[in-house]
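The values are calculated or read from the model by the stated rules, or taken from the named source; none is laboratory data. Just so you know, these numbers come straight off a predicted model, no measurement behind them. All Cβ positions, glycine included, derive from the backbone under ideal geometry; neighbour counts span all protein chains shown.
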Amino acid sequence: MIPEELKYTEEHEWVLRTGDDTVRVGITDYAQEQLGDVVFVQLPELGEKVTVGQVLGEVESTKSVSDIYAPLVGEVVARNDSLDQQPELVNSDPYGEGWMVELRLADPAEVDGLLDASAYQELAAQA
Amino acid sequence: MDSRRTPLHAEHEALGAAFTDFAGWRMPLRYDSELAEHHAVRTAAGLFDLTHMGEILLSGPEAAAALDHALVGHVSAIGLGRARYTMICREDGGVIDDLIVYRTGEREYLVVANASNAAVVLDALVSRADGFDTTVVDASQDHALLAVQGPRSAEILGGLTPTDLDSVKYYASYPTEVAGKDVLLARTGYTGEDGFELFVAPADAPTVWQRLLEAGQPHGLRPAGLGCRDTLRLEAGMPLYGNELSAQRSPYSANLGRVVKLDKPGDFVGRAALAAIAESGVDSVLVGLTTPSRRAPRHGYPVLDADGAVIGEITSGALSPTLGHSVAMAYVTTANVEPGTKLSVDVRGRHEPVEVVPLPFYKRAN
C-alpha cells in the first residue's frame, strides 16, 4: 500500500505535509512488512535539530534494529508518544497512528525533491 | 548457490510465509506475526517445519560404542526408544555441536544435528567411527521434520495417531502412524513447552502438515516460523549453537557440564581437556539478564560492571513476548554471575541497566 498523497524516501520513509512548513514522518507499509513485529521505537526529543540522513531514531523488531533517518533538514516539533507503549501501531497503521515525528522544515520547498508515490512504488518493487 | 527447499515449501508459500535463508535452506521466518506465533505456542500450539535439521544414522554392533567414543554423553546407556541431549566436542573441549541422539533400534541410533553443523558433525562422526563395526549414513534426505509444540499439542496429535500419547514420555520416541503415514514420533522440542517432533518421509510431509493444521485449527494452532522459535527457546533458556555454544567454549561455560559423562567407561574425544576444565573451572559463565525496557541487548554487545569495565558479552537477546520486557543471555566473568548482580549493556553507545537472573526466564506451569 503506497498512498498517492505522500512523498517518500529511499530509506522507506513517508513524508506528509501538515502545514506550510511542517511535515509528519513515518515508515512505509513495505518497511514494516520487512521488519516484522515492531517491539520498540526510539524517537528523538522535541527541539532536536536534524539534517538530511541524520539518525532520528531506531525501530526494533524481534530480530533486528533499523535506524530511522531524517528525510529533510528541520527541527523535531512533535513525536508520537503512543509508540512508547504501543510500538505495534507501526505495523497495524504505518501511515496513520504509527507515525513517528513531525518536523518544522528549514526549507519547505525541499519536500518537492522527495520521491512521489510512483517513483517509490518502483523502488519498493526492485528491493 | 540456490537455497534448498523443504518438501513443505509449497505449503509455506500458500500460507503467505516470509522466508529467510538459514544454513543453506530457504525456511519460513514467519507466516503473519512472530509475536502471535510465539503466543500461540505458549497458550495453544504451533506447527514448525524443521526439515533443515541434519539427521545421521548409525547402525551396527558397535554403533553405541562408536557414539560413546565420539560424543561426550553415555550413549550406550540410552534405553531403546529413549533419547538424550548431548554434545560433540573437539579434542580441546570446544563444542562442535549440540545434538539429540535417539535410540531407534537395538543397534541403531539417529543423531540430530543443527542445520548449520550437519556436514561438520557428519564428517566428525564418520572419522571418529573409523575402526568400529558400524555404518554412519547421512539420512537428512530421507527425513522431513515437523514439530507440534504447545500445551494443546497432545490433544491435537491424539486424534491423528493410534498411539496413546500418555505413553510417550519426555525424550522418548515411538515409531507410529500420524494421519496414516509412518512417523517416528518424539516428545522433544526447543520451545519450553510440551510438544512433539515428527520425523516423516519427505513425500509424506505435506499430508501430515495439512492434517495437523486442520486438526489444530479448533485448538488455536498456528503455523510458526523460525522467528518465534528463537524467542521461544531464549525464554526457555535453551542454548543456540553460534550464540551460546561455539568451538571456543566448553560445555562447562554454558552450565552444561552435566552432559559431559567423564565417568562413562572408556575414552572419548575431548575427555582429557574436558576433565582438566572440570577440575580448574572456567573464567566466564553463561547467565540470564533481564532489562526493565523493551530495548533488546543483542548478540555481541559488551556487558559492563558497575565501574564500567567490560566483563562479558551478550550471546542472544530479544524482547520476551511472554514477559513484556527484554531478556538476554551473556557470558560474564565468574565474579558477576550471582543473581541480583547489577550490570549494564552497551546498546549502541547507550548504557542500559540489566540484572543477573536465574535461567530459564520462562518455565511452563505443569
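For this structure, a couple of remarks:
- Residue identified as touching a Ser or Thr at 6+ places or on another chain (Cβ under 7 Å), outside the structural domain of B:Gln149 (by TED's automatic domain parsing), crowded, with 24+ Cβ neighbours inside 10 Å and not aliphatic (A, V, I, L, M) among B:Gly60, B:Gly81, B:Gly93: B:Gly93
- Within the span defined as the range B:239-246, one or more residues are within 14 Å of chain A (Cβ to nearest Cβ), in contact with a His (Cβ under 7 Å, 6 or more places away or on another chain) and either β-branched (Val, Ile, Thr) or under 23 Å from B:Pro360 (Cα atoms) (or both).
- Residues being in a loop (DSSP other than H, G, I, E, B), touching an Asp or Glu at 6+ places or on another chain (Cβ under 9 Å) and within 19 Å of A:Gln86 (Cβ to Cβ) - total across the range B:318-350: 4
Matching residues to (1) surrounded by 15 or more Cβ atoms within 10 Å (Cβ to Cβ); (2) part of a strand (DSSP E or B):
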site	(1), (2)
A:Glu10	no, no
A:Arg24	yes, yes
A:Ala31	yes, no
A:Pro44	yes, no
A:Glu60	yes, yes
A:Ser66	yes, yes
A:Val77	yes, yes
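- Test: B:Ser173 is in contact (Cβ under 8 Å) with a residue 12 or more places away in the chain, over 20 Å from B:Ala205 (Cα atoms) and surrounded by 15 or more Cβ atoms within 10 Å (Cβ to Cβ): no
- Selection of the range A:43-67 for residues being farther than 18 Å from B:Val347 by Cβ and within 15 Å of the chain's Cα centre (by Cα) yields A:Val50, A:Thr51, A:Val52, A:Gly53, A:Gln54.
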